[in-house]
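The values are calculated or read from the model by the stated rules, or taken from the named source; none is laboratory data. Keep in mind that this is a model prediction, so the values were computed, not measured. With ideal geometry, Cβ positions are generated from the backbone for all residues, glycine too; neighbour counts draw on all protein chains shown. Side chains included, ligands, DNA and RNA excluded: accessible areas come from the protein's heavy atoms. Shrake-Rupley method; radii C 1.70, N 1.55, O 1.52, S 1.80 Å.
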Amino acid sequence: HRAATKSGEWIWVLDRGKVFERDEQGRPIRMVGTELDITARRLSEEALRMSEARNRAMVAAIPDPLLRIDKDLRYLDVAASDPSQLALPPEALRGKTIAEAFGSLSPGLVQESTEAIRRALDTGGLQRFEYSFRQWWFEARIIRSSSGEVLEILRDITDRKRAEELLRAAVES
């Protein structure tokens, strides 16, 4: 609960008490209690809630899929404002390794992703590569987000690749 101090400042307090003895009517007559100022903890919790809300809003505003992957190459989180942008549904990725999700579909993608993730984890630097999967082209950007995780942002570049192909064909003919 909140309490006012002698100086008029408001703080958050955690009270705990235990009744040790009661009278014949059940009213407490002997008890022990403590009071603890938890203002700093409450302010930290509120700051964390605000930060989480801000991060959720930022992720929701990103038009490209965002993936969080751990050092074991396992998908931890998958956020996509349009799940059709993903090669597989989010639930088919979460908790699986890259090899489990794509090994039989695209061994080359597994190898390239694995190498880029390892480089990002080792160096902390941004890793970029392009790859094709089925009829689409993607650009992957991978960056270390913590000591054992990376964030990967995928951008569909199919239209750009097709335009480049048409331009190349026009120049060659």
Checked segment 114-136 for anything in a strand (DSSP E or B) and either basic (Lys, Arg) or touching a His at 6+ places or on another chain (Cβ under 6 Å) (or both); matches are ARG128
Residues of segment 97-113 satisfying the condition of being hydroxyl-bearing (Ser, Thr, Tyr), surrounded by 15 or more Cβ atoms within 10 Å (Cβ to Cβ) and either in a helix (DSSP H, G or I) or out of contact with any Phe, Trp or Tyr (no Cβ under 8 Å at 6 or more places or on another chain) (or both) = SER113
Does ARG41 meet the test of being assigned to a helix (DSSP H, G or I), closer than 27 Å to ASP82 by Cβ, among the basic types (Lys, Arg) and open to solvent by 100 Å² or more (accessible area, probe 1.4 Å)?
-> no
Examine segment 45-59 for a residue that is open to solvent by 80 Å² or more (accessible area, probe 1.4 Å) and touching a residue at least 24 places away in the same chain (Cβ under 8 Å), and state whether such a residue exists.
-> no
Residues located in segment 137-166, provided they are in a strand (DSSP E or B) and open to solvent by less than 20 Å² (accessible area, probe 1.4 Å) = PHE138, GLU139, ALA140, ILE142, VAL150, GLU152, LEU154
Every residue from segment 6-28 that is surrounded by fewer than 11 Cβ atoms within 10 Å (Cβ to Cβ) and free of Cβ contacts under 8 Å to residues at least 12 places away in the same chain | LYS6, SER7, GLY8, GLU9, TRP10, GLU21, ASP23, GLU24, GLN25, GLY26, ARG27
Between a first residue in segment 89-112 that is over 19 Å from SER132 (Cβ atoms) and a second residue that is open to solvent by 40 Å² or more (accessible area, probe 1.4 Å) and modelled with pLDDT of 90 or more, which pairs have beta carbons less than 7 Å apart while being 6 or more apart in sequence or on different chains?
-> GLY95/ARG74; LYS96/ARG74; THR97/ASP72; THR97/ARG74
Output yes when any residue across segment 124-131 is under 20 Å from the mean Cα position of the chain (by Cα), under 15 Å from ILE98 (Cβ atoms) and without any contact (Cβ under 8 Å) to a residue 60 or more places away in the chain, and no when none is.
-> yes
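State all residues of segment 66-86 that are in a strand (DSSP E or B) and modelled with pLDDT under 90; if no residue qualifies, say none.
Passing the criteria: only ALA79.
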Tell me which of these VAL59 doesn't satisfy, since it passes every other one: (1) under 17 Å from the mean Cα position of the chain (by Cα); (2) in a strand (DSSP E or B).
-> (2)
In this structure, is GLY124 over 26 Å from ALA61 (Cβ atoms) and open to solvent by less than 70 Å² (accessible area, probe 1.4 Å)?
-> no
Of all residues in segment 127-136 being closer than 15 Å to VAL110 by Cα and touching an Asp or Glu at 6+ places or on another chain (Cβ under 8 Å), which is most open to solvent (accessible area, probe 1.4 Å)?
-> ARG128
